[in-house]
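The values are calculated or read from the model by the stated rules, or taken from the named source; none is laboratory data. These numbers come from a predicted model, not from an experiment. We place every Cβ from the backbone using ideal geometry, glycine too, and count neighbours over all the protein chains shown.
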Amino acid sequence: METGPPEDGELDFAFAGQKRRGQTLVVLQSGKGLDATSSGESPKQLWRAAQLRPGTASPVVAAERVFTLNDGGVLTCADAADGKRLWQLRLNGAFSATPVAAGNHLYCVSEKG
């Protein structure tokens with residue numbers, strides 16, 4: 001499988017698997033976003049990573065990085081181009097809300113607020 005940034009800069013993030021068994025983050029390049037199915041072309045899988053399993057929260061893409069946060073509070077950062085994990089950090093508390101990227105900051109709000 002080839003990896004690398006898509007030529008048009010458009011990535012589509014999807015999940016494969018069941019939550020109980022563990023999800024896998026799959027990154028696709030369609031170049032057409034949600035309209036990919038209208039052309040009859042299948043999107044190209046750029047990479048997939050089981051180590052980037054998010055919980056309830058959606059992945060966040062900012063500054064060429066993808067951030068995932070699982071329900072137990074493990075925040076993971078990876079390179080959006082190839083899915084290579086760059087770092088992991090355990091936060092205190094339970095999390096279900098999607099983190100918010102603003103400027104150079106990533107805000108993660110626990111279930112306790």
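For residues that are outside any loop (DSSP other than H, G, I, E, B) and surrounded by 17 or more Cβ atoms within 10 Å (Cβ to Cβ), tally how many sit in the range 101-113.
Kept after step one, since they are outside any loop (DSSP other than H, G, I, E, B), are these residues of the range 101-113: 101-102, 105-107.
From what is left, the residues that are surrounded by 17 or more Cβ atoms within 10 Å (Cβ to Cβ) are 106.
Count: 1.
Are any residues in the range 71-100 touching a Lys or Arg at 6+ places or on another chain (Cβ under 9 Å), within 22 Å of residue 26 (Cα to Cα) and among the hydrophobic types (A, V, I, L, M, F, W, C), and if so, which ones?
Those that are touching a Lys or Arg at 6+ places or on another chain (Cβ under 9 Å), within 22 Å of residue 26 (Cα to Cα) and among the hydrophobic types (A, V, I, L, M, F, W, C): 74, 75, 77, 78, 80, 86.
Restricting attention to the range 60-82, does a residue exist that is more than 15 Å from residue 100 (Cα to Cα) and touching a helix residue (DSSP H, G or I) at 6+ places or on another chain (Cβ under 8 Å)?
Yes, that holds for at least one residue.
Going by the structure shown, is residue 98 assigned to a loop (DSSP other than H, G, I, E, B) and at pLDDT 90 or above?
Against the criterion (assigned to a loop (DSSP other than H, G, I, E, B) and at pLDDT 90 or above), residue 98 qualifies.
Need a quick list: strands (runs of 3 or more DSSP E) entirely within the range 44-95 having at least 3 residues that are closer than 19 Å to residue 109 by Cα and under 9 Å from the mean Cα position of the chain (by Cα).
65-69
Which pairs turn up if I take residues in the range 67-85 that are at positive phi and look for partners that are surrounded by 21 or more Cβ atoms within 10 Å (Cβ to Cβ) and not in a strand (DSSP E or B) with beta carbon separation below 7 Å, at least 6 apart in sequence or on another chain?
Filtered contacts from the range 67-85: 73/95; 83/52.
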